[in-house]
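As structure tokens, the structure follows; a few thoughts come after it.
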Amino acid sequence: MDTRRLYSFVKIVDAGSITRAADILHIAQPALSQQLSALEAQFKQQLLIRSKRGVAPTEAGRALYRHAQLILRQVELAHAAVDVSGRAPAGNVSVGLAPYSMGAALALPLLRSVRKRYPDILLHINENFGGVISEAIMTGRMDMAFIYGAGPLRGVQFEPLRTEDLFLIAAPGSAAPPGEGDVPLEALADVGLLLPSRIHTIRQVVEGAFQQASMKPRVIGEIESVLTLVSAVGADLGATVLPRSAARAILDVRNLVVRRIVDPAIPVKLSLCTSDSQPLSEPALAVHDLFHEQIRILDSVT
């Protein structure tokens, strides 16, 4: 198997055009077309459908594309492992941190500890990752992700790390229920809530809890931006629902009402997920260990 052909095939699919891929790869279009023809001859399958608008993978092409990404990722890891053998871990590591989670409290400590102990590791922290997490991890675009949920999810293994209850977060004197301490779920029936969209686990858990109580949350705004949520809650435009660790990381809770929701309590699980088929690279293993260390430190102070 010629990995150069696989690399060229992936670039063609990504670009959606043999001409554009040839420009990206800085090779002549006839040479690139010849590589594609050789692949199709090797697999005895048509891999791309050609049209005036460009190219699109066939079913066989989509299967090869997925496996080619895995193969090329493994080759990249092999080169990196050989290159840094006998030296401190070095290379790129990508970590996804779920928005509206304690990941916000972990980002800076994790970056600080990586820079201190492994200066040759380039850490990429993504708090706005979208799409299918399992696909991002399986294809190597992300080494690990700290997300809500505990599985199962195809292609991903989960390490459950924490279970946290959800809290009502609101500005003082707002429309939030009067009183202090825990607040029963039924008291939130008329509270205007600012929540992420329905694709987010927090929203799904909140709506599930309301539904079990034969209620419906009064959602007055859907906010995906953490910075906008912080400003909106602080300006008393509505209340929100978050784990306490996330609220403390992104909001000035000293100036806000923070009350645990009870009757029933609403727990959410947080897990670190990695690929169940691809081993972590040496630098990713080092970051994985530091991640657990930062979780323990955070637990000891909360």
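The values are calculated or read from the model by the stated rules, or taken from the named source; none is laboratory data. As the structure is a computational prediction, the values presented were derived from the model and not from experiment. Quick reminder, even Gly has a Cβ in these numbers, built from the backbone with ideal geometry, and neighbours come from all protein chains shown. Ligands, DNA and RNA are stripped out before the accessible areas are found, and what is left, the full protein with its side chains, is counted by its heavy atoms. Shrake-Rupley method; radii C 1.70, N 1.55, O 1.52, S 1.80 Å.
Contact map, segment 66-79: first residue modelled with pLDDT of 85 or more, second residue open to solvent by 50 Å² or more (accessible area, probe 1.4 Å) and part of a helix (DSSP H, G or I), Cβ cut-off under 8 Å, separation 6 or more or different chains; pairs are ALA68/TYR7; ILE71/THR3; LEU72/THR3; LEU72/TYR7.
Which ones in segment 263-291 are aliphatic (A, V, I, L, M) and open to solvent by less than 20 Å² (accessible area, probe 1.4 Å)? Scanning segment 263-291 gives ILE266, VAL268, LEU270, LEU272, ALA284, ALA286, VAL287, LEU290.
So that you can scan it fast, the table gives a plain yes or no per residue for (1) within 24 Å of GLY140 (Cα to Cα); (2) out of contact with any helix residue (DSSP H, G or I) (no Cβ under 7 Å at 6 or more places or on another chain); (3) of a type in the set (A, V, I, L, M); (4) modelled with pLDDT of 90 or more:
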residue	(1), (2), (3), (4)
PHE9	yes, no, no, yes
GLY16	yes, yes, no, yes
ALA31	no, yes, yes, yes
LEU39	yes, no, yes, yes
GLN45	no, no, no, yes
LEU48	yes, no, yes, yes
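Screening ASP165 with (1) surrounded by fewer than 17 Cβ atoms within 10 Å (Cβ to Cβ); (2) farther than 25 Å from HIS292 by Cβ; (3) at pLDDT 90 or above gives one miss only, at (2).
Selection within segment 89-109: residues that are in a strand (DSSP E or B) and on the phi < 0 side of the Ramachandran plot. The member of this set that is surrounded by the fewest Cβ atoms within 10 Å (Cβ to Cβ) is ASN92.
So which strands (runs of 3 or more DSSP E) are wholly in segment 174-254 and hold at least 2 residues that are under 26 Å from ASP299 (Cα atoms)?
Details: elements: 192-195, 218-222, 240-243.
Because the criterion is at least 2 residues that are under 26 Å from ASP299 (Cα atoms), the strands (runs of 3 or more DSSP E) in segment 174-254 that meet it are 240-243.
Filtering LEU193, LEU256 for residues that are open to solvent by less than 40 Å² (accessible area, probe 1.4 Å), at pLDDT below 90 and either touching a helix residue (DSSP H, G or I) at 6+ places or on another chain (Cβ under 8 Å) or under 30 Å from ARG66 (Cα atoms) (or both) leaves a single hit, LEU256. One residue stands out in segment 202-228 among those that are touching a residue at least 60 places away in the same chain (Cβ under 8 Å) and open to solvent by less than 50 Å² (accessible area, probe 1.4 Å): the one that is farthest from the chain's Cα centre (by Cα), namely VAL206.
In this structure, is GLN294 part of a loop (DSSP other than H, G, I, E, B), out of contact with any Asp or Glu (no Cβ under 8 Å at 6 or more places or on another chain) and either modelled with pLDDT under 90 or open to solvent by less than 70 Å² (accessible area, probe 1.4 Å) (or both)?
Numbers: part of a loop (DSSP other than H, G, I, E, B): no; out of contact with any Asp or Glu (no Cβ under 8 Å at 6 or more places or on another chain): yes; either modelled with pLDDT under 90 or open to solvent by less than 70 Å² (accessible area, probe 1.4 Å) (or both): yes.
No.
The residue list LEU47, LEU32, LEU39 contains one member that is in contact with a Pro (Cβ under 9 Å, 6 or more places away or on another chain) and closer than 20 Å to LYS11 by Cβ, which is LEU47. Pairs meeting the criteria (first residue in segment 277-302 and closer than 15 Å to GLY140 by Cβ, second residue loosely packed, with under 12 Cβ neighbours inside 10 Å, beta carbons under 6 Å, at least 6 apart or on different chains) are lacking.
State the number of residues belonging to segment 130-157 that are touching a residue at least 12 places away in the same chain (Cβ under 8 Å), among the hydrophobic types (A, V, I, L, M, F, W, C) and surrounded by fewer than 18 Cβ atoms within 10 Å (Cβ to Cβ). If you could, list the steps in order and put the result at the bottom.
Step one: list which residues in segment 130-157 are touching a residue at least 12 places away in the same chain (Cβ under 8 Å), which gives 133-151, 153-157.
Now drop any that are not among the hydrophobic types (A, V, I, L, M, F, W, C), which leaves 133, 136-138, 142, 144-147, 150, 153, 156.
Within this subset, residues satisfying the condition of being surrounded by fewer than 18 Cβ atoms within 10 Å (Cβ to Cβ) are 150, 153.
The number of residues fulfilling the criteria is 2.
The set of residues in segment 229-253 being open to solvent by 40 Å² or more (accessible area, probe 1.4 Å), of a type outside the set (A, V, I, L, M) and more than 16 Å from ASP190 (Cβ to Cβ) consists of SER231, GLY234, ARG244, ARG248, ASP252.
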